[in-house]
Protein chains: 2
Amino acid sequence: MSTRREAVRQALTESSGFRSAQDLYADLRADGSKIGLTTVYRALQALSDSGEVDVLRTDDGEAVYRACDTESHHHHLVCRTCSTAVEIEGPTVERWAAEVGAKHGFTGVTHTVEVFGTCGTCSRRLAQQGSAQQV
Amino acid sequence: MSTRREAVRQALTESSGFRSAQDLYADLRADGSKIGLTTVYRALQALSDSGEVDVLRTDDGEAVYRACDTESHHHHLVCRTCSTAVEIEGPTVERWAAEVGAKHGFTGVTHTVEVFGTCGTCSRRLAQQGSAQQV
DNA sequence: CCAGTTTTGACAATCATTTTCGTTTTCGTG
DNA sequence: CACGAAAACGAAAATGATTGTCAAAACTGG
């Protein structure tokens with residue numbers, strides 16, 4: 001609804017990867033916005049509550065957000081270097097998780113699955129830098 | 001090596017679920033130990049570096065640890081209520097993750113997979129409380 | 001333009017985790 | 001056993017992301 005929240009959603013949409021609240025705040029300020037950090041957090045909270053953005057935690061516990069194309073259940077293939085993410089479906093995994101849960105008598109089974117790696121672009125760039133010392 | 005680290009490992013082994021550093025610190029102090037919080041963090045850091053314990057992040061970003069039976073790659077089926085965890089293998093998932101990564105040109109592909117649910121014991125208890133109002 | 005509600009943002013407060021740094025233990029060696 | 005270096009400790013301060021507080025600003029219907 002509000003303009004601010006829209007601005008945050010917009011900033012998030014401009015990136016194909018996951019961004020942290022602090023990142024987005026920096027982006028928006030860099031673009032000249034006078035938005036406050038608190039508002040960015042509030043907007044992200046609202047957006048994730050409504051399912052409009054996906055959230056996940058980095059290894060050091062920081063929350064990162066992404067505006068995905070689909071709001072239906074999916075997972076991500078994330079580049080460790082540039083953080084770009086590809087949305088992936090995994091019917092195989094969905095079934096597997098449900099079965100594993102049931103087999104052990106668990107109810108209300110859900111799961112989190114994220115795949116990490118180095119995307120093609122970053123792989124090539126890193127390989128070049130590694131061999132030719134082009135810094 | 002050190003006695004303190006051994007105490008932390010021990011405290012962790014006594015639980016079948018994931019515990020946070022703060023939890024373990026409280027446990028140890030409750031048992032009369034004079035260990036410091038800093039040491040608990042250091043021990044957990046060392047233990048996870050050496051692969052002796054598994055770490056994952058809760059939804060609110062807190063790090064939780066578990067002393068698993070095997071040091072080889074595996075995943076967990078975790079109870080949302082009591083945090084008890086079962087170690088699970090998922091050859092299907094391993095293959096799937098590798099394929100997905102390769103298909104999109106990613107290299108050095110890894111993945112995180114955790115399954116959550118309510119374990120049988122907790123399910124029954126919650127069901128009873130729900131129907132009979134036995135609080 | 002006005003009273004009331006919602007949104008905002010500066011600043012303070014939280015809380016897990018990390019650093020810092022002086023003290024205590026552990027250990028190898030003479 | 002004694003001694004000094006190195007490793008381990010722990011209390012307290014620092015850090016950094018996130019949340020709470022609260023007064024000012026923007027928006028609403030009338």
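Any read-out appearing in this document is the output of simple, stated calculations on the displayed coordinates, not a laboratory observation. Keep in mind the model is a prediction, meaning the values are calculated, not measured. Glycine also receives a Cβ, built like all others from the backbone with ideal geometry; neighbour counts cover every protein chain displayed.
Per-structure values
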read-out: B:K103 versus A:S16: modelled label distance in nm, points set 7 Å from Cα along the beta carbon direction; value: 1.8 nm
read-out: Pseudo-label separations to other copies for B:G17 - Cα-to-Cβ vector, 7 Å, nm; value: 3.6
read-out: For B:E71, inter-copy label distances in nm, listed shortest first [label point 7 Å out on the Cα-Cβ vector]; value: 4.8
read-out: Segment B:E94-B:C82, length gained on full extension (0.36 nm per residue, minus Cα span); value: 1.6 nm
read-out: Sum of side-chain charges, A:V64 neighbourhood, beta-carbon under 14 Å (Lys, Arg +1; Asp, Glu -1); value: -3
read-out: Where labels lie 7 Å past Cα in the beta-carbon direction, separation of B:A26 and B:E62 in nm; value: 0.7 nm
read-out: Proximal aspartates and glutamates relative to A:K34, as straight alpha-carbon distance under 18 Å, when same-chain residues fewer than 8 apart are discounted; value: A:E6, A:D23
read-out: Ellipsoid semi-axes in whole angstrom, largest first, where each is sqrt(5λ) of the Cα gyration tensor of chain B; value: 29, 25, 12
read-out: Pseudo-label separations to other copies for B:K103 - Cα-to-Cβ vector, 7 Å, nm; value: 2.3
read-out: Over chain A: helical MRE at 222 nm, DSSP H runs n ≥ 4 each giving -39500 (n - 2.57), nearest 500; value: -14000 deg cm²/dmol
read-out: Chain A, relative contact order in percent, only Cα pairs under 8 angstrom and at least six apart counted; value: 21 percent
